[in-house]
Every structure is written in structure tokens, then in C-alpha cells.
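This report refers to the structure that appears directly beneath it.
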Amino acid sequence: MPIRITDSSNSARHALQAAGARRKLDEAQERVSSGRSINRPSDDPAGAATVLRLRTSQAEVEGFARSAAEVNSALLTSDTALDSYEQLLDRARTLLGQAVSDVANTATKEATATQIEGMRDALLQLANQQSGNRYVFGGTKQSAPPFAADGTFQGAGALSQFVQIELGGAPVANGVVATDIFTDETGNIVAALADAATAVRGTSDPAADRAGVRAAIDRLRGFAERTSVARVRVGVGLGATEAAADRLGRDKFSLEERAQRVESADLAESAIALAESSRAVEATLQSIGQVSNRRTLLDIIG
Amino acid sequence: MGVNFSSFEIGRRALRASQLGLTVAGQNIANVSTAGYARQSVQLSAAPATGTGLVGSGVTVDGVRAFRDRFAETRLQSETATSGRLTARRDALAPVDAAFADSDQPGGLQHALNGFFNSFRDLEAHPDSVPLRASAVAAGQRLAATFGATRQRLADVRRETNAAIADSAAQTGALARQVAELNGRIASAEAQGAPASELRDQRGEAVKQLAELTGARATEAADGRLTVTLADGRPLVVGDKASELECVPTPPEGLNTLMLEGLPAAIGDGRLRGLAEALTETGGLIISLDGLAASIADRVNTLHTSGTGLDGSPGLNFFAPPAGGAPTTAANLSVSAALVADPRLVVASPVVGATSAGTVAGQIANLLSDGASQAGGRTGSFSSLLASVVTDAGAGVRAADDALQTQQLILAQAQAQRDSVSGVSLDEEAINLLQYQKAYEAAAKFLRIADEMTQTILSLGQ
């Protein structure tokens, strides 16, 4: 502390004190009005960087959550369609089973063959169904439906579409491709049903006819097994998307909590700091006023 | 011995000394708020006896002394220079802080970055969607625009800082001329024995302002003339001659280089140094931002060209390479015109040669958190690289602000130290006024008594 206090050094000190008090008041006011302790990078550079990284992670989690929901929805649609397909195959096998029974006669066999042929339209509708503007069983080939109107299979070459639903996680297939369930080593299900109807109508050789129908039954069993396998994969995918959705939901909450902890101002603390700094400004200005208004010797001697 | 005409001389000298004391006190009071003023006081000494007299012959005015402490003045100049540097740096960098504030909010760069890569995440789930491709193109355009706007703000800061350098250089020239002129007037006045305290005060204040601008130091020669030198010892003012600080625009950006007598000027402190430091810092931030933009364009384009569009055509560059082979920067980042015209060209095809590795869209989306990206000598994910740029900006401003707050206290202390020697205290001057007033009244009374005594003696002879 200098020995000699002059009027100018007094004034300079007062100005510095007033500026310091006002600065603290301004900072406290900003925290209260914005609700944040970090309003610009310079407030807390490391904290600002942390918040940015957390917000990015939040955005990623939200993106994955949307993807997981989309895949889950697509798989549910696929599962419903596969269930209908399984029922259709089951019905066809039942009809074929009746056709090889001892009570089947020409008339009943003709009726069975007609029923089997009638399943073709339902099958084509199921195989070519769309969700939004996507073919459910189209895979990566979305430019045309898996089957043409005349029953020609045009889904060859399509692959499963994979979607990543978690950071660092393996992508999950968002459906089943037509090739996996509507074709086998010999051909496709439409042709198989046509062959089954032909086998039911039969020839004049009962033994050969029975062998033909049994072969058709076996072939349809093969399609049913492929479908079961596909349903298992869909089930696994559904489990994965649901588990991912749970984890992502928890992550989103945790990230938001962490970001708030870094970025948000404690309102109670901020309000107290505001009140304190406001009082400090008043006290500083009052003390400056008192000192400045005191009578100097010049005032006393008149 | 006894009353004689020497008493009148004693009284006359006493009156004159008291009058001078009052005048000096008045001068001090009048200049209580004058920046750089050094308080003065009358230097008195007892006049010796003349001839065979037994009593002295009154008071002699030896002069009027100004109270200055060279060490305190020099220290004040030095701290003023440091304060000028830190203030200029803080003020120049403050807009940089604003450029990166709310980066994670809509309109901010981090928000645009997240939105761009997330648009590919959405496209991954619907790889056949044309609307989502259009969204990806729009997100790319938003990202490019935000990069450009942020860079422009930094460029504006550099331009304004550069203009401030020119302004400060002009001020320096005016102050240097003022110091040179005062050098001449002080030397001339003191050579003739006339007081030059006020001129010295003015010169001291000009030198302090020069120090605030350039960090210059002053040394006084025997004839009272000051030499003001820059950090490398080259003179800005020598005697009556002042040199000009010239601003020369330097390629490639046309930023001002300060020249003194045709050679680069060494500015070690002061406002000009602070502005130069701010220029360097903002330049570094622009380089980092450009590097990040280039890295994003490069990695996205590499993946995008590895796939096929919705129509099966080979993937194009998502971000257009700048014309003429120029490097990609934050200023020229843009989405390819072909993709803007036809979003179906945006790639979301399966990764070639893989069975379960997802799509190119997914790979692009994963770049946001892929830690292998490189920009500005750093390696990390794009989000962490951008966070580093934001941290650099904030840390620079914070450091400048913290240093300035500390320096303001040091400067206040240096000013107080100078004022404790040279500053005017109204209370002291009031005491001086009383003292000299009483002395004047007493001297006047003495003269009246001496006059009465003389009249008495003269009347005896009649």
C-alpha cells in the first residue's frame, strides 16, 4: 500500500472496484437468465468441449434409436407376413395329405388340385406385399416386386438390407429376402404349387401318383423349414432391436443428465450469487459515494 | 543593527515566496485531474546575511520542483504496455468467442455436423428413399453454409484487427511527432533557464501512450531530450526527429506488416503486439476449420464414390472439389451440383464385397464418431476435432481475459505508486494554501510594522 494516497489514486481504485463488482453482477445475471453456467466457450473451455461431445453422442443415439425403431417395424411386418406364409404352406400340405388318403377319389382330387391352384393369387399377393413404398421381401432389389404377375420369379440377386442400430454394433437385417423363402434348389413356390396340383390330379398309375404327391409334400415341407429358419432370424432381429432401443433410451437419458450437469447453472446457487453480487455492487457504490462526498479540507476552510 | 531598509527586502522576499507558494498550490489544485501531471512545490532556502549583518536577508526561491520518481514512471510505462497488449488481444478475440457460442444449438456448427451425418443414418434405414436422399443433400448444404459463415466471422475479426493495427500505427506516428516536438521545446526552455515541468508532464504522458501502443521504452539524455526505442532498440524518436511506423499490406492476405525506416518493426509489447497475437490466433483457428472441412469432404467423398446411386450409376463426389485444383476450405465447401439437381445420385448402396457390413450410407454416418479422422495435426472423430477447435477459441479468450484482470490490478498498483510520488492531494494543497496564506499575512504585517518603525525614526529627525 503506497504511503501517500492522492485523489486520483482514490478515484482509480474506486473505478476498479466498481467495475469488478459490476462484472460479477453481470456474470451472475447471465447465469440466472440463461440457466446455463457455460454461455460461451471462454466461460469454461474444457466444459464447453465436453458438452459438445455429449451433444454429439446424444444426436448419434437419437439417430440409432430412429433406425432401431424402423428396423423393428420392418421386422414386425416381415414376421406377420411370414406367419401368413407358414399358414398357407401348412394348408397346402394338409390338402396334399388328404389327396393321398385312401378315401380320395377323382372328384376330390380335382377339387384339391383346384384349391391348391387357387392359393397362387394369395401367395403372389403375400410375396409382393409392400410396406410404404418398399417390397417387404424385396431386399436390396426394390425396383420390381419379387414375382411378376405371371408368377415368374424376378427377385434373384437381391440381398438382405443391413442397418446399424448401435454405435459399434453389428448391422441387423431389416427383413427377409424372397430368395430365402420362396425359392429352393429346384425352383420357386409358385411353380411348386403348380407341380403339386398336377401331382394331385395324377395319372393312371396310382403308385406313381402317390409318390408324386408325397414328393410335393416334401417339397412344401422344405419351404416351410426355410420359412421357420427365416422366422427365427427375424425373431433374433426383433430381440436385438428391442434390446438396442432399451439401451439407447438409457444412454440418451444418461447423456442428457451428464450434459446438464456440466452446462446448467444451479438455479438456487445462481440466484444466491445474483443477490450477493447485487448487494456487493450497492455496497461498493455506497462506500464510493460516502468517500467521495466527504468534506475535504478545502470545504472546511471555506 | 535595528530597523533598516533591509527589513523591507526581507518582507518583499517573504511576500514573493508566499505568493509563489500560493500560485504553485493553485497550479496543483487546477491539475488534480490532469493525466500525467506531477505535483510541484516551491523550493525555499534562507538567504544568507549580506556584508557584516548578523541576520540573514530573508528567503530565497531556489525554484519550483516537480515530484517525479523515474523508477515509478518507468514501471508504469512497462505495465501500461502490458495492459495495452492484453486489452487489445482480449477485445480482438471476444468476437471469436461469439462465433463458436451455441455450436450445439440450431444454426451452430456442431449441430450442422451432427445433422449431416445423422441424415445418412436415416438414409441407411431407408436406402431406397428419394426424400431422405434430398434431406442428406440439404443437410450437406447446411453444413457447408455453416462452415462458411463461421469462417467468415473469423475472417471478419482478422480484417477488423488488421484495420485496428493501421489505426494504432497512425496514432503511434502522431504521438512520436508530439514527443519529438516536446523534446525540442523542453531542451530550448531549460537551456534558457526557464521551467519546463508542464512540458515534461505532457511528454511523459505521450511516452506512456506510446508504450501502451508499442511497448516502447524511453531514455533521457543529458540535455533532457528523450530517445524512444522499440523492442529491438531501434529508435522511434531521437531528439527532435520522429520516425513513422508504416503499414505495408503483405501477401497473401494483405495483412499489415509494420515497418520502421524500411525494415520490419519489432513490437515487443503494447496494443500493436496484442493485435498481432490476436491475428495469429484467429489465423490458426481458420486453418483448423479449413483442415476439418477438407477432412470431412475427403472422407465422405472417398466413401460416396465407392458405391452406386439409386439408378445404379457410380457414386460421384458428395462435396464438389473446388475449381482449379484449389484445396477444400471452410469457405469453398459445397455439395456437388449434380447431387443438388438429382438427389437420386446420393449413394446408400450395400458395401461392396461384404455380406453384413451394412451400406455406404451407414459407413458415412459412422464417420461422425470414427476416431481415425485427421485435421490440423490432430487425430480423432470429427465431433472431437471440432470440439478441439471450439476449446482452442474459448481457451484463447479466457486466457486473455484472466491475464487482463490480473494485469489491471498490477497496473492500478503501479499507477498508485506513481501517484503516491507525483499525484496531487487536495488535502495537502489545502494545507499548503493555509500555510502560504498565513505566511503572506505575516509577511505583510511585518512590512507594516517595519514601515511604522521607519516612519517613527524619520519623524524623530524633524
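The values are calculated or read from the model by the stated rules, or taken from the named source; none is laboratory data. Bear in mind that the values here come from a model prediction, so they are computed numbers and not experimental data. No Cβ is skipped: glycine too gets one built from the backbone with ideal geometry, and neighbour counts run over all protein chains shown. In case anyone asks, the SASA skips ligands and DNA or RNA and just uses the protein heavy atoms, side chains included. Shrake-Rupley method; radii C 1.70, N 1.55, O 1.52, S 1.80 Å.
Within the bounds of the range A:206-226, is there any residue that is surrounded by 15 or more Cβ atoms within 10 Å (Cβ to Cβ) and within 30 Å of the chain's Cα centre (by Cα)? Checking the range A:206-226: at least one residue is surrounded by 15 or more Cβ atoms within 10 Å (Cβ to Cβ) and within 30 Å of the chain's Cα centre (by Cα).
The condition (being open to solvent by less than 30 Å² (accessible area, probe 1.4 Å), of a type in the set (D, E) and not in a loop (DSSP other than H, G, I, E, B)) is satisfied by just one residue among B:D290, B:D298: B:D290. Note on the range B:134-171: residues that are open to solvent by less than 40 Å² (accessible area, probe 1.4 Å) and among the basic types (K, R) total 1. Checking the range B:317-328 against the condition returns a match, with at least one residue being more than 30 Å from B:Q171 (Cβ to Cβ), polar (S, T, N, Q) and crowded, with 21+ Cβ neighbours inside 10 Å. The set of residues from the range A:40-73 being within 7 Å of chain B (Cβ to nearest Cβ) and not in a helix (DSSP H, G or I) comprises just one member, A:R40. Going through A:A15, A:A46, A:A28 one at a time, which residue ends up being at pLDDT below 95 and open to solvent by less than 20 Å² (accessible area, probe 1.4 Å)? Going through A:A15, A:A46, A:A28 in turn, just one is at pLDDT below 95 and open to solvent by less than 20 Å² (accessible area, probe 1.4 Å): A:A28.
With respect to B:D102, is the statement that it is at positive phi, open to solvent by 40 Å² or more (accessible area, probe 1.4 Å) and either facing chain A (nearest Cβ under 8 Å) or within 40 Å of the chain's Cα centre (by Cα) (or both) true? The answer is yes for B:D102.
Across the range A:18-43, which residue is nearest to A:S287 (Cα to Cα) among those that are in contact with a Lys or Arg (Cβ under 9 Å, 6 or more places away or on another chain) and without any contact (Cβ under 8 Å) to a residue 24 or more places away in the chain?
Filtering the range A:18-43 for residues that are in contact with a Lys or Arg (Cβ under 9 Å, 6 or more places away or on another chain) and without any contact (Cβ under 8 Å) to a residue 24 or more places away in the chain, the one nearest to A:S287 (Cα to Cα) comes out as A:E30.
Got at least one residue in the range A:158-166 being of a type outside the set (S, T, N, Q), touching a Leu at 6+ places or on another chain (Cβ under 8 Å), more than 9 Å from chain B (Cβ to nearest Cβ) and open to solvent by 20 Å² or more (accessible area, probe 1.4 Å)? There is at least one residue in the range A:158-166 that is of a type outside the set (S, T, N, Q), touching a Leu at 6+ places or on another chain (Cβ under 8 Å), more than 9 Å from chain B (Cβ to nearest Cβ) and open to solvent by 20 Å² or more (accessible area, probe 1.4 Å). Within the range B:27-44, the set of residues being surrounded by 11 or more Cβ atoms within 10 Å (Cβ to Cβ) and without any contact (Cβ under 8 Å) to a residue 24 or more places away in the chain comprises B:Q27, B:A30, B:Q43. Considered as a group, the residues in the range A:58-76 that are without any contact (Cβ under 8 Å) to a residue 60 or more places away in the chain and open to solvent by 10 Å² or more (accessible area, probe 1.4 Å) include one that is farthest from B:F120 (Cα to Cα), and that residue is A:S73.
Taking B:Q408, is it open to solvent by 30 Å² or more (accessible area, probe 1.4 Å), within 12 Å of chain A (Cβ to nearest Cβ), out of contact with any strand residue (DSSP E or B) (no Cβ under 6 Å at 6 or more places or on another chain) and not β-branched (V, I, T)? Criteria met by B:Q408.
Take the residues in the range A:227-247 that are farther than 25 Å from A:A192 by Cα and hydrophobic (A, V, I, L, M, F, W, C); name whichever of them is least open to solvent (accessible area, probe 1.4 Å). Only one residue fits best here, namely A:A244.
Residues that are free of Cβ contacts under 8 Å to residues at least 60 places away in the same chain and not β-branched (V, I, T) were ranked within the range B:255-267; the one that is least open to solvent (accessible area, probe 1.4 Å) is B:L260. Go through the range B:57-87 and give me each residue that's outside any helix (DSSP H, G or I) and touching a residue at least 40 places away in the same chain (Cβ under 8 Å). If the condition is that a residue be outside any helix (DSSP H, G or I) and touching a residue at least 40 places away in the same chain (Cβ under 8 Å), then B:S57, B:G58, B:V59, B:T60, B:V61, B:G63, B:V64, B:A66, B:F67, B:R68, B:D69 are the ones that fit. Here A:A199 meets each of (1) assigned to a helix (DSSP H, G or I); (2) modelled with pLDDT under 90; (3) open to solvent by 40 Å² or more (accessible area, probe 1.4 Å) with one exception, condition (3). Residue count for the range A:75-124, restricted to those that are part of a helix (DSSP H, G or I), among the aliphatic types (A, V, I, L, M) and within 18 Å of A:I217 (Cβ to Cβ): 11.
Of all residues in the range B:112-119, none satisfies being more than 13 Å from chain A (Cβ to nearest Cβ), modelled with pLDDT of 95 or more and surrounded by 22 or more Cβ atoms within 10 Å (Cβ to Cβ). Exactly one residue out of B:Q413, B:Q363, B:Q374, B:Q417 is within 28 Å of the chain's Cα centre (by Cα), more than 7 Å from chain A (Cβ to nearest Cβ) and among the polar types (S, T, N, Q), and it is B:Q413.
For the range A:262-297, the set of residues classified as within 14 Å of chain B (Cβ to nearest Cβ), open to solvent by less than 50 Å² (accessible area, probe 1.4 Å) and free of Cβ contacts under 8 Å to residues at least 12 places away in the same chain consists of A:T296, A:L297, listed by residue number. Screening B:M453 with (1) in contact (Cβ under 8 Å) with a residue 60 or more places away in the chain; (2) within 9 Å of chain A (Cβ to nearest Cβ) gives one miss only, at (2).
Please enumerate the residues belonging to the range A:1-12 that are open to solvent by less than 60 Å² (accessible area, probe 1.4 Å) and more than 8 Å from every other protein chain (Cβ to nearest Cβ). Answer for the range A:1-12, where residues must be open to solvent by less than 60 Å² (accessible area, probe 1.4 Å) and more than 8 Å from every other protein chain (Cβ to nearest Cβ): just A:N10.
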